[in-house]
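Peer 1: If you scroll down you'll find the structure; I have some questions about it.
Taken together, the values in this text are just the output of simple stated rules run on the coordinates, not laboratory data. Source: prediction; values computed, not measured. In this analysis, Cβ positions are derived from the backbone assuming ideal geometry, glycine residues included, and neighbour counts consider all displayed protein chains.
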Amino acid sequence: MTLSFPPGFLWGAASAAYQVEGAAQEDGRTPSIWDTFSHTPGKVLAGDTGDVAVDHYHRFREDVRLMSELNLGAYRFSVSWSRVQPTGRGPAVQRGLDFYRALVDELLGAGIQPVLTLYHWDLPQELENAGGWPERETAERFAEYAGIVAGALGDRVEFWTTLNEPWCSAFLGYGSGVHAPGRTERLAPLRAAHHLNLAHGLGAQALRAALPARAQVAISLNPAVVRPLTDKPEDLDAQRRIDALANRVFSGPLLRGAYPSDLIRDTASITDWSFVRDGDLAVIKHPLDALGINYYTPSLVSAADDEESAARNDGHGDSSHSPWPGSERVSFHQTPGERTEMGWTIDPSGLHDLLMRYSREAPGVPLYITENGAAFDDKPDAEGAVHDPQRIDYLQAHLAAAHQAIADGADLRGYFLWSLMDNFEWAYGYSKRFGAVYIDYPTQARVPKSSAHWYARVARTGELPAA
Ligand code: IFM
């Protein structure tokens, strides 16, 4: 049976600055934490860096043409803070802003709505040198940067998100260390999480002050779908702990204006949370115009006796350090079923669960799936075509789950495929291909895969063909 999405449903694709732009040293851009990290031997597979990436900085016009061919209604991209405000403080670099203005104009000219993310993990290195996200000042600097970008693009961009997946910035960046800046601490991730929340709140205030009333201000989270291995009390407790550190550390202050009391208890040996100052929670609970949900795979957890095996199994890359401060004794298990090239189990029911959960937790706030997709080992055939039936199946199943969530009452307004093109997949470098468009890295040729043609039809008709 064909499934029809509501009229006006937004069909998009997503990317992020460091993953696609390249031009790392052009037009006044200075290093971000990901430049430093990727240039540190041993941090990224095969020593890959984002120096060139997919050269979107120079090829954005060609890329917007591709988006048009794919019938995209929206393109979600992020701004590189280091390109716009190289030291993370002080005046903006006009050439950096000009790039984003040209990109936005190209999108608008093609009838594609720009959806702008201010921060997708690439903190200016100078701000990390001053302490990074564990320091409060970084949140203040972010608000200043938000105001600069809003001042430059507020007349033409209507959909803004402050942060992408702050969980990764805080817990992978400062806990397990598999992401930049690669710090492996226990207190720093918790402080970072709070200052990211605060950055969202202060940033949202700055955006509101600079943007016209019609603008929408949102945040994109990557909430975890955490399932217990058994219903034994210790496994249910493991589920509760991970839910607190993966989800409620953000949704608590954002939606309810408070950190969960069980999270504060679980982390009591690390901190008394006195870095949360009077008034912070009111700032963070800034009303959201929309909430972005990124989903890939669920997590299956149980209690563990052994911290080391728990940390190794957490599904977020190899590290002997845990990204779960205060809850290190939780084991992560492989959920049964088919997996993507990332080793992530394909389970669309998790997307449905998340959409229903956030419909309940954020009543009245429209939801967008701001990322969903899969990496597979795509290869061109003898004619140079790239067939990726597994990705089509993945998208089909997840869109069907999204459709079911709408039928069950979720106010879901749009879907952004991750990703438009193959790109720099962080610590995995270029080894994982998430794109609907294949990139031949030596030539930078763009080849739409069969999933791109499939998605173009869905985006044009608003209908999901039967599987
Ligand atoms: O590539 C990333 C993206 O930057 C953030 N969300 C998950 C994607 C796949 O790992």
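Peer 1: Which distance in nm do the two modelled labels at Phe275 and His333 give, with both placed 7 Å along the Cα-to-Cβ direction?
Peer 2: It works out to 3.4 nm between the two label points.
Peer 1: Here's something else I'd like to know. How do Thr184, Thr30 line up, fewest other C-beta atoms within 10 Å first? Don't jump to the answer; show the numbers that get you there.
Peer 2: On the way: Thr184 16, Thr30 19.
So the residues, fewest neighbours to most, are Thr184, Thr30.
Peer 1: Shifting gears a bit: Stretched out fully, how many nm does the piece from Asp408 to Glu26 gain, at 0.36 nm a residue minus the Cα gap? Intermediate results must be reported in sequence, preceding the final value.
Peer 2: Details: separation 382, 0.36 × 382 = 137.52 nm, distance 4.85 nm.
Length difference between fully extended and current span is 132.7 nm.
Peer 1: Now, a different point. Estimate the FRET efficiency between Ala130 and Arg156 by the formula 1/(1 + (r/R0)^6), using the beta-carbon distance for r and 56 Å for R0, to the nearest 0.05. Display every interim value, and only then the final one.
Peer 2: Working: r = 32 Å, r/R0 = 0.58.
According to the calculation, E is roughly 0.95.
Peer 1: Note the full-extension length gain between Gln205 and Ser68 as 0.36 nm times their separation in residues minus their Cα-Cα distance, in nm to one decimal. Please list the in-between numbers first.
Peer 2: On the way: separation 137, 0.36 × 137 = 49.32 nm, distance 3.34 nm.
The Gln205-Ser68 span can extend by a further 46.0 nm.
Peer 1: Could you work out the helix-only [θ] at 222 nm for the chain, with each DSSP H run of four or more residues adding -39,500 (n - 2.57) and the total divided by the number of residues, to the nearest 500 deg cm²/dmol?
Peer 2: Details: 15 runs with 163 residues, N = 467.
The per-residue figure over the chain is -10500 deg cm²/dmol.
Peer 1: Rounded to whole Å, give me the distance from the Cα center of the range 121-164 to that of the range 409-467.
Peer 2: Between the Cα centres of the range 121-164 and the range 409-467 lies a distance of 27 Å.
Peer 1: Compute the whole-percent fraction of alpha carbon pairs in the range 64-183 spaced more than 17 Å apart. Walk me through the numbers on the way to the answer.
Peer 2: Details: 4119 of 7140 pairs.
The calculated P(r) of the range 64-183 puts 58 percent of pairs beyond 17 Å.
Peer 1: Evaluate the Debye formula for the chain with equal point scatterers sitting on the alpha carbons, no solvent, and hand back log10 of I(q)/I(0) at q = 0.12 Å⁻¹, in q order, two decimals.
Peer 2: -1.03
Peer 1: Hey, got a sec? Which trypsin sites (Lys or Arg not before Pro) in the range 207-270 land in a DSSP loop and have at most 16 other Cβ atoms within 10 Å? Present the calculation step by step, with values, prior to reporting the outcome.
Peer 2: On the way: sites: Arg208, Arg214, Arg240, Arg241, Arg248, Arg256, Arg265; in loops: Arg214.
Counting only loop positions with at most 16 other Cβ atoms within 10 Å, the trypsin sites (Lys or Arg not before Pro) in the range 207-270 are Arg214.
Peer 1: OK, next. Measure out, as a whole number of angstrom, how far apart the alpha-carbon centroids of the range 236-302 and the range 49-78 sit.
Peer 2: 34
Peer 1: Still on this structure, I have one more. Run the count for the chain, please: Lys pairs, Cα-Cα under 18 angstrom, 8 or more apart or on different chains. Intermediate results must be reported in sequence, preceding the final value.
Peer 2: Working: Lys43/Lys432; Lys379/Lys432; Lys379/Lys449; Lys432/Lys449.
Pairs that pass both the separation and distance tests number 4.
Peer 1: Quick one: which residues, 5+ away or cross-chain, put their amide H under 5 Å from the amide H of Met421? H built at 1.01 Å from N.
Peer 2: Amide H to amide H, under 5 Å and 5 or more residues apart or across chains, Met421 pairs with Ala436, Val437.
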